[in-house]
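Okay, so here's the structure we're looking at.
Throughout, read-outs are computed from the coordinates displayed, never taken from laboratory work. As the structure is a prediction and not an experimental result, all values here were calculated from the model. Note: ideal-geometry Cβ built from the backbone for every residue, glycine included; neighbour counts use all protein chains shown.
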Amino acid sequence: MKDIKIVMVIMGTLIGAGFASGREIYLFFGKFGKLGQLGIIISAILTGIIIYKTLKLTKEKELKQYNDLLENINIKYPKVNYLIKIIVTIFLLISFYIMVAGFSAYIKQIYKIPTYISSIIFVLIAYLIFKGSLQGMMKSNMVLVPILIFLIIYLGMKNIPYLLETKEIINNENISTKGWLISSMLYTSYNSIILIPILVTMKKYLENKKQIKNISIISVILIITLSFCIYGLLLKGQYYVQELEMPLLEITKQFGKIFRYAHGVVIIFSIFTSAISTGYSFLENVSKDKKTYKRNLIFMSISSVLISNIGFSKLVEILYPLFGILGLFQIIFLCKKIKINRI
């Protein structure tokens, strides 16, 4: 049961608005055609390795917070630790902003409700869960993520007849074969910035190396499965996906109302679970006690409503690749630490 809890937290963290809307998959993989499919597999495997190494180090060193991890992987350079912490903390906050913007973009596109109203509603619900700290985050993931996974796979399976009939890949005038490997590595990298701080908080659920290995393998399988489900759905809109903030929102309309509503639930759940994970990680990183936790929670909630007006797709397109580059340093130090321990 503990294995499942951790896997649900991992998937809830990774499947955000960008993923479920198809925006991330198109940006990092879809526009590269067949090479993008290979990129998905490589990215998933790299993510699995990061999950395994982080949980293993957390168990062996009995780490409790992200600061503990930084001290273990880069003891010689405290200034570098401080810089990495600042970068990661900023990214976690921005990721929360992106989730709020994603929710607002979805509600505006479907119901024509102003951005500030939908963002306020979202933030108020998130605020109540954040008050429950780690337990609130775990419970929300255990309820929402299984439904989220089921619906994405369901939509993917319903799309199989189309894939068998067309046997196409994303093939438009914007297709590219350059940079596909770097793109998959950047995708892994920016995901690691969100994921690693959350993994460190899972110490009390870890039992042994076999459990950690199982968690990593299951996570890789789910990442590949869900990514290909989204990738396959993008084929239906291969000539216009690059123009949309939320490609799958328009594509699923071709399946009928039931599928459109199902994808609507996927969008909302994915945004919520990812927002809870990133928001909780940010609060844990910057809060020393309950008083500062509450103060930072209020700051994050108010500022997210203001930032959400910038626009969802612009935030994803500009910030994710940038932080993906910065996240590479975190992965390098983590892998270097594991290698030194083996020696």
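Annotation: peptides 261-272, 126-137, 19-30, ranked by per-residue average of other Cβ atoms within 10 Å with the highest first, follow the order 19-30, 261-272, 126-137. Couplings 3J(HN,Hα) for the stretch 60-67, derived from phi with the Karplus relation 6.51 cos²θ - 1.76 cosθ + 1.60 (θ = phi - 60°), are 5, 9, 6, 6, 10, 10, 4, 4 Hz, where x marks Gly and Pro.
So for T177, T58, fewest C-beta neighbours within 10 Å to most, what's the order?
On the way: T177 11, T58 22.
Lowest to highest Cβ neighbour count: T177, T58.
With θ taken as phi - 60° and the Karplus curve 6.51 cos²θ - 1.76 cosθ + 1.60 applied, the whole-hertz 3J(HN,Hα) list for the stretch 141-147 is 5, 5, 8, 7, 5, x, 5 Hz, x standing for glycine and proline. Model label sites at K178 and E71, defined 7 Å from Cα along the beta-carbon direction, differ in position by 4.7 nm.
Were the residues from N214 through I110 laid out at 0.36 nm apart, the gain over their Cα-Cα distance would be 33.5 nm. The spacing between the stretch 249-272 and the stretch 90-168, judged by their C-alpha centroids, is 11 Å. Working from Cα pairs under 8 Å separated by at least six residues, relative contact order for the stretch 106-230 is 35 percent.
Near K253, which lysines are there with a Cα under 16 Å away, not counting those fewer than 8 places off in the same chain? K253 reaches K158, K236.
Approximating the spin labels as points 7 Å out from Cα along Cα→Cβ, the E165-to-N309 distance works out to 4.5 nm. The distance linking the stretch 38-56 with the stretch 1-29 is 13 Å (Cα centroid to Cα centroid, whole angstrom).
What is the calculated FRET efficiency for K34 to K131, with r their C-beta to C-beta distance and R₀ = 56 Å, to the nearest 0.05?
Numbers: r = 47 Å, r/R0 = 0.84.
So the FRET efficiency works out to roughly 0.75.
Report the residues of the stretch 36-51 in range of a label on Y205: point 7 Å along Cα→C-beta, backbone N strictly under 19 Å from it. Only 47-51 fall inside the zone, counting backbone N under 19 Å. For the stretch 132-138, putting each phi into the Karplus relation 6.51 cos²θ - 1.76 cosθ + 1.60 with θ = phi - 60° gives couplings of x, 6, 4, 5, x, 5, 5 Hz, in residue order, rounded to whole numbers and with x for Gly and Pro.
Quote the relative contact order of the stretch 47-150 in percent (integer), defining contacts as alpha-carbon pairs under 8 Å separated by 6+ residues.
Values: 33 pairs, mean separation 11.3, N = 104.
Rounded, it is 11 percent for the stretch 47-150.
For the residue pairs K61/K178; K31/K59; K64/K294; K2/K112, the C-alpha atoms sit more than 31 angstrom apart in K61/K178; K31/K59; K2/K112.
Subtracting the Cα-Cα distance of F299 and I45 from 0.36 nm times their residue separation leaves 87.8 nm of extension gain.
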